[in-house]
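The values are calculated or read from the model by the stated rules, or taken from the named source; none is laboratory data. In this text the structure is predicted, and so the values were computed from the model without any measurement. Neighbour counts are summed over all protein chains in view; Cβ atoms, including those assigned to glycine, are modelled from backbone coordinates with ideal geometry.
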Amino acid sequence: MLDQTSPPGLPADLSDFAGHFGNVAAFPPIEPSVPEREDGQRRRFRTIWISDVHLGTKGCNAAMLIDFLDSTDSETMYLVGDIIDGWRLKKKFYWPASHNDIVWRILKRAKRGTRIVYIPGNHDEVVRPFSGMNFGDVEIRRAAFHETADGRRLMVLHGDEFDTVMLTHRWLAFVGDTAYHLMMALNGWVNSARKAFGMPYWSLSKAAKNKVKNAVEFISKYEEIVARAAGERGVDGVVCGHIHTAEHRMFTHDGRAIEYWNDGDWVEGCNALVEHFDGRMEILHWPDEIAKRAAPDSPQEADDEDHARAVA
Ligand SMILES: [Mn+2]
C-alpha cells in the first residue's frame, strides 16, 4: 500500500518502514488471529478518538484494544497519533499477530463505512508527509476540525507540537525512554500475576505518575498550552493525545470557554474518548468498562447519567 504510492527517493529508513507498513496493511487477504466478535451488541457512538496505541512495541495493550474495537462502533473514528511506533520499530522489528489484528479491525471498520481519519503523531511521523492523502478508506491528515452534534468546533491533533523542548526535557527526565519501557514490561508482568489471582487491571506507571509532582506540573502546563492554542485559533476546544493522560478540563480564553480533551493511551490507561449522538462527550476507561460488564448489578444507564453530571 504505502510503498507503492510513496514518492521515489525516500530516505532508506522511511522506505523500510513503508515496506513493513505495506505488509501489515495488506488487506483483505490476511484474516485476524483473534476472530472479530460479531455479537451485534456494539455500543454505538457518533465519534471515537483513540491515540498512543504504540503498535510495534511490547507496551501496546493489544488485547484490551481488540476488546474495545469489538465492543464499539462509530460514524467517525479519529486515530490521534502514535498509532504505530516507528521509533521502536526502527530499532527492533516487533510485530505480533495481535498488532495485525488491530490494523485489520481498523481497515474493516473503514470498509463498513466508518469515516477513519488518521492524524500521525511524533512516533509515527514517517506517515506525516502523506498528510492530505487517502490510503484506501483512511484519510491521513496533519490535523482536523471536528464539529460535534450540538455544534461545538473542536481542533483535533496529536499534541507533540506543543511539547516544547523545555517541557520535553522535564518530561524525559521523569520517564526516559528506557525507564519507561522497563516500567511497561514490569506493568505487563504485574498484571499477568494480578489476572492469575483474579484481581482487576492496575496501572503501575499511572500510580507512579500521580505521585510525582513534576509530572503533575508538566501535564497541567501542557494542557494549559494546548487549550490556549485552541483559544487563539477561535475554536471551542481541542482533542489531543501524546502525554498518555486522559483528561477533560475547561479553560477560558478571552472570556470564552475552551474545552480540553485528551483521549489517553493504550499502553497503560487504555482510554478512548467518545461522542454520543447528542454531542455529549465522555472518556471511557476500558478496564473499568470491562469490570462493569462483568458486574450485572451496575446498569450502564445509571452510570452514564452520573458521568454526564460529572462532566457537565
Ligand atoms: Mn506522541
* **Qualifying positions in region 270-282 - buried (at least 22 other Cβ atoms within 10 Å of the Cβ) and not in a strand (DSSP E or B)** => Cys270
* Asked: Can you pull out the residues in region 217-255 that are away from the ligand (no atom under 15 Å from the Cβ), buried (at least 16 other Cβ atoms within 10 Å of the Cβ) and assigned to a loop (DSSP other than H, G, I, E, B)?
  -> Val235, Asp236
* Among the residues of region 67-104, count how many are within 16 Å of the ligand (Cβ to nearest atom) and either more than 22 Å from Val34 (Cβ to Cβ) or assigned to a helix (DSSP H, G or I) (or both). => 9
* Matching residues in region 69-104 - criterion: being of a type outside the set (Ser, Thr, Tyr), surrounded by fewer than 20 Cβ atoms within 10 Å (Cβ to Cβ), more than 25 Å from Leu154 (Cβ to Cβ) and touching a residue at least 24 places away in the same chain (Cβ under 8 Å) -> Asp70, Trp87, Lys90, Phe93, Trp95, Pro96, Ala97
* Subset of region 141-168 (residues that are within 16 Å of the ligand (Cβ to nearest atom), modelled with pLDDT of 95 or more and of a type in the set (Val, Ile, Thr)) -> Val156
* Asked: Which residue, of Leu182, Leu107, Leu172, is among the hydrophobic types (A, V, I, L, M, F, W, C), modelled with pLDDT under 95 and within 13 Å of the ligand (Cβ to nearest atom)?
  -> Leu172
* Tell me, yes or no, whether region 120-141 has at least one residue that is of a type in the set (A, V, I, L, M), more than 25 Å from Glu282 (Cα to Cα) and surrounded by fewer than 17 Cβ atoms within 10 Å (Cβ to Cβ). => yes
* Pair list, Cβ under 8 Å, 6 or more apart: region 133-160 residue without any contact (Cβ under 8 Å) to a residue 60 or more places away in the chain, other residue of a type in the set (Ser, Thr, Tyr) and assigned to a loop (DSSP other than H, G, I, E, B) -> Ile140/Ser131; Arg141/Ser131; Arg142/Ser131
